[in-house]
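Single-structure report; data block below.
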Amino acid sequence: MLKNTLLKATKDAALIMQQYFNTNFSISNKEGMNNLVTEVDHKSEEAIFAAIKADFPDHYILSEETGAMVQDSSYKWIVDPIDGTVNYANGIPICCVSIGIEKDGKMIMGAIYNPFINEFYFAERGVGSFLNDQRIYVSKKDRVLHSSMVTGFPYTYIDQPNGPLEVFSKLVRRGIPVRRLGSAAMDLCWVAAGRFDGFYEHQLSPWDSAAGFIIVEEAGGKVSNLKGDYYNPYKHGIIATNGKIHDELVSICNGGNVIED
Ligand code: IPD
Ligand code: CA
Ligand code: CA
């Protein structure tokens, strides 16, 4: 039942993303420069809430645009109605719906769907991660120097030692390909699917990473904060890798250098 509701909520919201893509929807700005929210984010959220409430009216929901709908429940749905809103607003099809489910504080299920490329990712604790019903696994690369990486930057730049541009610069100066796609949820899925060996970002919110966190773990990967401790989606920084390059990437994010051949 939980899984069916999760799949339905994700698909209903993705259908709305498709219906309105490249149409004349309204766009407004949230706090920070160019931190957008569109009419479609709200419509997507409504569809997700309707699906959850129809089956589980007493579950807790935390959603990006509406905030916390607190209920005394051991289940919490963590919702990003569109991850990659800036892409969506510009007609760039790198965006998705992302929904994670926590039970008693532990992530137990996650779904991420990008309808434009028809990629539906799903993970369940102890069962595995799937892309369109096929099992997926992280890559096997064991050195950052030979890795393919992805990152993201916050809406308001954080100027701090080992900040986003410093780490980016260190990797790029060594010739390591680092992509910046604009959807943390897609970034995490593509680590899970073995397309990227690692992802790091300095400032995310729980809805950006909740579903992707379990999708990477169940694909055999590792997810931590920037210091290398076990990941907490309610804290800001994230490093998600295939596991093999994890310690090296943690070191690089804390001032260390890329290990040479
Ligand atoms: C953003 C995207 C982006 C990441 C930002 C997030 P939004 O989410 O995931 O990749 O770099 O930190 O806020 O605003 O498109 O839902
Ligand atoms: Ca997001
Ligand atoms: Ca969003």
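Counting just the residues of the stretch 165-188 that are of a type in the set (Gly, Ala, Ser) and surrounded by fewer than 20 Cβ atoms within 10 Å (Cβ to Cβ), which one comes out nearest to ligand 2 (Cβ to nearest atom)?
Ranking the qualifying residues of the stretch 165-188, first place goes to GLY182.
Of the residues GLU46, GLU31, GLU64, which single one is away from ligand 1 (no atom under 16 Å from the Cβ) and either outside the structural domain of TYR231 (by TED's automatic domain parsing) or surrounded by 24 or more Cβ atoms within 10 Å (Cβ to Cβ) (or both)?
When all the criteria are applied, what remains is GLU46.
With within 12 Å of ligand 1 (Cβ to nearest atom) and either among the hydroxyl-bearing types (Ser, Thr, Tyr) or within 17 Å of SER209 (Cβ to Cβ) (or both) as the only criterion, which of ILE92, ILE78, ILE82 stands out?
Details: ILE92 fails: either among the hydroxyl-bearing types (Ser, Thr, Tyr) or within 17 Å of SER209 (Cβ to Cβ) (or both); ILE78 fails: within 12 Å of ligand 1 (Cβ to nearest atom).
So the residue among ILE92, ILE78, ILE82 that is within 12 Å of ligand 1 (Cβ to nearest atom) and either among the hydroxyl-bearing types (Ser, Thr, Tyr) or within 17 Å of SER209 (Cβ to Cβ) (or both) is ILE82.
So, in the stretch 150-164, of the ones that are more than 16 Å from ligand 3 (Cβ to nearest atom) and surrounded by 14 or more Cβ atoms within 10 Å (Cβ to Cβ), which residue ends up modelled with the lowest pLDDT?
Selected residue: TYR157.
Could you say whether any residue in the stretch 198-209 is aromatic (Phe, Trp, Tyr), within 13 Å of ligand 2 (Cβ to nearest atom) and buried (at least 19 other Cβ atoms within 10 Å of the Cβ)?
Yes, the stretch 198-209 contains at least one residue that is aromatic (Phe, Trp, Tyr), within 13 Å of ligand 2 (Cβ to nearest atom) and buried (at least 19 other Cβ atoms within 10 Å of the Cβ).
Which one of the conditions (1) within 16 Å of ligand 1 (Cβ to nearest atom); (2) within 26 Å of GLY67 (Cβ to Cβ); (3) assigned by TED's automatic domain parsing to the domain that holds TYR231 does TYR121 fail to meet, given that it meets all the rest?
(3)
Taking the conditions exactly as written (away from ligand 1 (no atom under 16 Å from the Cβ) and in contact with an Asp or Glu (Cβ under 9 Å, 6 or more places away or on another chain)), does ASP72 satisfy them or not? Let's see the steps before the verdict.
Working: away from ligand 1 (no atom under 16 Å from the Cβ): yes; in contact with an Asp or Glu (Cβ under 9 Å, 6 or more places away or on another chain): yes.
Against the criterion (away from ligand 1 (no atom under 16 Å from the Cβ) and in contact with an Asp or Glu (Cβ under 9 Å, 6 or more places away or on another chain)), ASP72 qualifies.
Name the residues in the stretch 177-221 that are within 16 Å of ILE101 (Cα to Cα) and among the β-branched types (Val, Ile, Thr), would you?
Matches in the stretch 177-221: ILE214, ILE215, VAL216.
Can you tell me which residue among LEU171, LEU181 is under 25 Å from MET107 (Cβ atoms) and among the hydrophobic types (A, V, I, L, M, F, W, C)?
Criteria check complete, one pass: LEU181.
Can you tell me which residue within the stretch 200-226, out of those that are more than 8 Å from ligand 1 (Cβ to nearest atom) and of a type in the set (S, T, N, Q), is nearest to GLN134 (Cα to Cα)? Before you say what the answer is, go through the steps one by one.
The first filter runs over the stretch 200-226 and keeps only residues more than 8 Å from ligand 1 (Cβ to nearest atom), leaving 200, 202, 206, 209-226.
Among the residues that remain, those that are also of a type in the set (S, T, N, Q) are: 209, 224-225.
On the way: SER209: 22, SER224: 26, ASN225: 28 Å.
Only one residue fits best here, namely SER209.
Give the stretch 24-48 a look and list any residue that's at pLDDT 95 or above and either of a type in the set (Gly, Ala, Ser) or farther than 14 Å from ILE82 by Cβ (or both), or say none.
Hits for the stretch 24-48 are SER44, ALA47.
The values are calculated or read from the model by the stated rules, or taken from the named source; none is laboratory data. Here the structure is a predicted model, which is why all the values come from computation and not from measurement. Cβ atoms come from the backbone with ideal geometry, glycine included; neighbour counts cover every protein chain shown.
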